[in-house]
Every structure is written in structure tokens, then in C-alpha cells.
1. Collect the residues in segment 113-128 that are surrounded by 15 or more Cβ atoms within 10 Å (Cβ to Cβ) and either touching a helix residue (DSSP H, G or I) at 6+ places or on another chain (Cβ under 6 Å) or among the acidic types (D, E) (or both), keeping them in residue-number order.
2. What do you reckon, is G45 touching an Asp or Glu at 6+ places or on another chain (Cβ under 7 Å) and farther than 29 Å from E113 by Cα?
3. In segment 13-25, what residues are within 18 Å of T130 (Cβ to Cβ) and part of a loop (DSSP other than H, G, I, E, B)?
4. If I filter segment 42-57 for residues that are assigned to a strand (DSSP E or B), basic (K, R) and modelled with pLDDT of 95 or more, do I get at least one hit?
5. Determine the pairs where a residue that is among the small types (G, A, S), located within segment 69-91, has a partner that is assigned to a loop (DSSP other than H, G, I, E, B) with Cβ atoms under 7 Å apart, the partner being 6 or more residues away or on another chain.
6. Mind checking which residues of segment 113-138 are in contact with an Asp or Glu (Cβ under 8 Å, 6 or more places away or on another chain) and either of a type in the set (D, E) or not in a helix (DSSP H, G or I) (or both)?
7. Give just the number: which of (1) without any contact (Cβ under 8 Å) to a residue 40 or more places away in the chain; (2) out of contact with any strand residue (DSSP E or B) (no Cβ under 8 Å at 6 or more places or on another chain) does P8 not satisfy?
8. Residue under question is V110, and the condition is that it be crowded, with 19+ Cβ neighbours inside 10 Å and outside any helix (DSSP H, G or I); does it hold?
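The values are calculated or read from the model by the stated rules, or taken from the named source; none is laboratory data. On a predicted model such as this, the values are computed, not experimentally measured, just so you know. Methodologically, a virtual Cβ is constructed for each residue, glycine included, from the backbone with ideal geometry; neighbour enumeration extends over all protein chains shown.
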Amino acid sequence: MTDDWRDPETVRFMLEDCATWAVVGLSGDPGRTAYRIAALLQERGKRIVPVHPSADGERQVLGETIRASLAEVPFPVDVVDVFRRSESAGEVADEAVAIGARGVWFQLGVVDEAAFARTTTAGVAMVMDTCPAIEWPGLTRRA
């Protein structure tokens with residue numbers, strides 16, 4: 001199953017064709033992985049949307065307004081990038097499907113086979129257990 005989780009064409013679709021990324025678990029702490037990956041997404045021309053239910057009063061991260069949930073994002077989201085533990089990530093994948101996201105990306109170490117099955121059955125692209133920072137350099141090699 002892990003080959004399906006990191007399907008090269010699905011990865012390529014999200015990294016090349018999807019412009020707006022909601023980053024669930026993103027806070028203003030530059031020491032956190034979510035912050036560094038969100039900054040990388042911006043460097044690569046993506047619009048990020050911080051989603052964090054307990055943002056401790058922070059209003060913006062990396063110049064973008066923090067939303068408490070995916071449902072509060074007032075515009076379409078292409079990819080929902082999930083920085084949550086595996087046991088709570090599936091719920092986020094379900095929310096991503098509900099808001100009409102085109103893709104769901106579970107970060108390195110985050111795996112939920114049932115969520116993968118639900119999400120892909122709903123017609124939404126999904127990758128798990130990898131990171132854009134790992135996958136971007138490989139895009140040119142796969143072309």
C-alpha cells in the first residue's frame with residue numbers, strides 16, 4: 001500500500017498544479033516543522049492558509065490570516081497539508097473532502113489507511129508519510 005500513498009503522479013499533481021495549501025497545525029513558531037514547510041510552500045509560489053484551532057491569539061502566520069478550522073476558510077483550498085498525529089489526521093482528511101479540497105497531504109510519519117481509503121474513494125487525491133521538501137527535488141528526476 002505504501003506505493004499508493006506516495007504515488008509519483010499524485011505528488012506531481014499536488015506540487016505542480018495546486019496553488020492554495022491549507023496547512024493544518026501551523027502556528028507562528030519558526031522552530032516547528034509546519035512553519036518551515038509552509039515557508040517552503042510560499043517560496044515555491046503557493047498560497048498558504050494557516051489552520052490552527054488554538055493559535056494562542058496569533059492572527060497571522062507568514063503574512064496569512066490563521067483560521068480555526070478548514071470550514072472557516074472563505075475561498076477554495078487545493079491541498080490540505082496535515083501536521084497532526086495519525087490518530088487525529090483522518091478527521092482532517094474528512095473535513096478536506098467536505099470543503100471540496102482537491103488533495104490531502106499527510107506529512108512524514110502520519111499514516112491512516114482508513115482515511116486514505118475514504119479520501120481517495122471520494123475522488124480526492126491523497127499522499128501520506130512524506131513531505132513536499134522531500135518530494136520537490138525528485139520531480140525533475142521523474143520527468
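1. A115, T119, V124, A125, M126, V127, M128
2. Judged against the criteria, G45 is not a match.
3. Result: C18, G25.
4. Yes, that holds for at least one residue.
5. Within 7 Å, the pairs are S69/P53; S86/V110; S86/V111; S86/D112; A89/V110; A89/D112; G90/D112.
6. V127, M128
7. Checking P8 against (1) without any contact (Cβ under 8 Å) to a residue 40 or more places away in the chain; (2) out of contact with any strand residue (DSSP E or B) (no Cβ under 8 Å at 6 or more places or on another chain), the one that fails is (1).
8. Yes.
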